[in-house]
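One structure below.
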Amino acid sequence: MPEKILITGGTGMVGKNILEHPKAQDYEILHPSSKELNLLSKEQVKEYLTKYHPDVIIHAAGLVGGIQANMANPVGFLVQNLDMARNLIGVAYELKIPKLLNIASSCMYPRRAANPLKESMILTGELEPTNEGYALAKIFGTRLCEYISKEDTQLSYKTLIPCNLYGKFDKFDPKNSHMLPAVIRKIDQAVQQQNNEVEIWGDGESRREFMYSEDLADFIFYAMPRFEKLPQNLNVGLGFDYSINEYYATIAKILGYKGGFKHDLSKPVGMKRKLIDNSALKNFGWQAKTSLEEGILKTYQYYKTLENDKL
Ligand SMILES: NC(=O)C1=CN([C@@H]2O[C@H](COP(=O)(O)OP(=O)(O)OC[C@H]3O[C@@H](n4cnc5c(N)ncnc54)[C@H](OP(=O)(O)O)[C@@H]3O)[C@@H](O)[C@H]2O)C=CC1
Ligand SMILES: C[C@H]1O[C@H](OP(=O)(O)OP(=O)(O)OC[C@H]2O[C@@H](n3cnc4c(=O)[nH]c(N)nc43)[C@H](O)[C@@H]2O)[C@@H](O)[C@@H](O)C1=O
């Protein structure tokens, strides 16, 4: 019998990349949308998990957005993400679901911690204010998994800490999107409209580590048969980063934009740098395969398939 996996967030970017991965066929996968299973309702979570009792849960659901969405709605980002984690992880624990993989984020590292950010640095300092609510919820889920795995050794609840992600099924609208899809949209529009100036938020000197989402899906299927060996908390990133200016320049090259750039210093910039340490990931025996250029091209091709009303 194949292992039965429940994926939350199966309609999102990470979830869809997991479901599209060739190794998904080796498992029986349940992937309810939020309409079928609203994680904000403890009753629904209990009913669903009691009915289906999966062997593994991959928690990839959340309220997710870029810096501006986080700043505009800190209450939602804190409360919804915390409630989803509390209901899902809490009920899984009550029902003794054996394995759970919680997806956190590099946002939960302290804003002033030295880079590269090691797993041991969680809760060692003040958080970045632009996404503090979201980070607190992610820390809550991460610690809850740690406590459960310690308290009941029959249960193995682990956390992955990905860097920024991008790829197919990303969000491209300027209010909610992360930097990379936002820039693909901006530069594509400039090319289409023959504009010669694109605006960069901030001075462009901040640095980010962006991994192609398909690579995270690949890591998850690498980790599944090795679940017991997976560290309690594991950074999943590339081991290198680029400045925001470099991302704009690379996207411009791939999309054929020849115009200039202007920095808007009134826009939020967030963390100066959040490069995660990938030594434990390397020891675990995996590394990302997609180059930035290849990932941008594939994401751009996906973007061009979207109808205007889906942007
Ligand atoms: N994108 C990124 O850069 C990064 C993401 N992460 C983490 O990865 C995970 C996935 O992110 P990503 O795929 O980008 O996010 P998306 O915004 O693309 O997808 C979010 C998913 O969460 C689901 N969801 C939202 N609210 C609920 C709810 N109340 N009940 C059930 N499901 C709900 C949505 O379902 P529906 O559509 O049916 O409402 C959707 O499937 C998140 O935990 C995120 O924090 C970590 C680091 C970086
Ligand atoms: C992974 C992590 O990602 C989020 O944090 P973030 O990395 O700060 O978010 P971001 O991708 O939106 O921005 C990255 C950088 O890029 C700069 N930037 C330039 N120009 C644009 C631009 O046009 N749009 C955006 N959004 N940013 C821009 C922007 O000023 C910033 O310096 C968390 O909220 C949270 O969601 C989370 O988990």
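Quick notes on this one:
- Of all residues assigned to the range 52-60, at least one qualifies as being within 16 Å of ligand 2 (Cβ to nearest atom) and at pLDDT 95 or above.
- The condition (being surrounded by fewer than 17 Cβ atoms within 10 Å (Cβ to Cβ) and within 15 Å of ligand 1 (Cβ to nearest atom)) is satisfied by just one residue among Val79, Val91: Val79.
- All positions within the range 161-184 that are open to solvent by 10 Å² or more (accessible area, probe 1.4 Å) and touching a Pro at 6+ places or on another chain (Cβ under 7 Å): Asp170, Lys171, Ala182
- Listed by position, the helices (runs of 4 or more DSSP H) contained in the range 206-311 that have at least 3 residues being within 29 Å of Lys150 (Cβ to Cβ) and of a type outside the set (Ser, Thr, Tyr) are 213-223, 279-284.
- Tallying residues that are in a loop (DSSP other than H, G, I, E, B), farther than 18 Å from Thr11 by Cα and within 12 Å of ligand 2 (Cβ to nearest atom) within the range 164-205 yields 6.
Table: residues versus (1) within 9 Å of ligand 1 (Cβ to nearest atom); (2) part of a strand (DSSP E or B); (3) exposed (fewer than 15 other Cβ atoms within 10 Å of the Cβ).
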position	(1), (2), (3)
Gly10	yes, no, no
Lys35	yes, no, yes
Leu39	yes, no, no
Met71	no, no, no
Asp83	yes, no, no
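- Each residue in the range 140-155 was checked for being among the hydrophobic types (A, V, I, L, M, F, W, C) and either without any contact (Cβ under 8 Å) to a residue 40 or more places away in the chain or not in a helix (DSSP H, G or I) (or both), and 1 of them qualify.
- Filtered residue count, the range 94-108, keeping only those that are away from ligand 2 (no atom under 11 Å from the Cβ) and either buried (at least 19 other Cβ atoms within 10 Å of the Cβ) or among the hydrophobic types (A, V, I, L, M, F, W, C) (or both): 6
- Number of residues in the range 49-69 that are open to solvent by 30 Å² or more (accessible area, probe 1.4 Å) and part of a helix (DSSP H, G or I) equals 5.
- Failed criterion for Asn87 (all others in (1) in contact (Cβ under 8 Å) with a residue 40 or more places away in the chain; (2) of a type outside the set (Val, Ile, Thr); (3) touching a strand residue (DSSP E or B) at 6+ places or on another chain (Cβ under 7 Å) hold): (3)
- Selected residue (only one of Pro129, Pro162, Pro231 is closer than 16 Å to Ile276 by Cα and more than 14 Å from ligand 1 (Cβ to nearest atom)): Pro231
- Scanning the range 120-148 for residues that are buried (at least 18 other Cβ atoms within 10 Å of the Cβ) and away from ligand 2 (no atom under 16 Å from the Cβ) turns up Leu144, Cys145.
The values are calculated or read from the model by the stated rules, or taken from the named source; none is laboratory data. Note that this is a predicted model, so its numbers are computed, not measured. Note that we place each Cβ from the backbone using ideal geometry, even for glycine, and neighbour counts take in every protein chain shown. Side chains included, ligands, DNA and RNA excluded: accessible areas come from the protein's heavy atoms. Shrake-Rupley method; radii C 1.70, N 1.55, O 1.52, S 1.80 Å.
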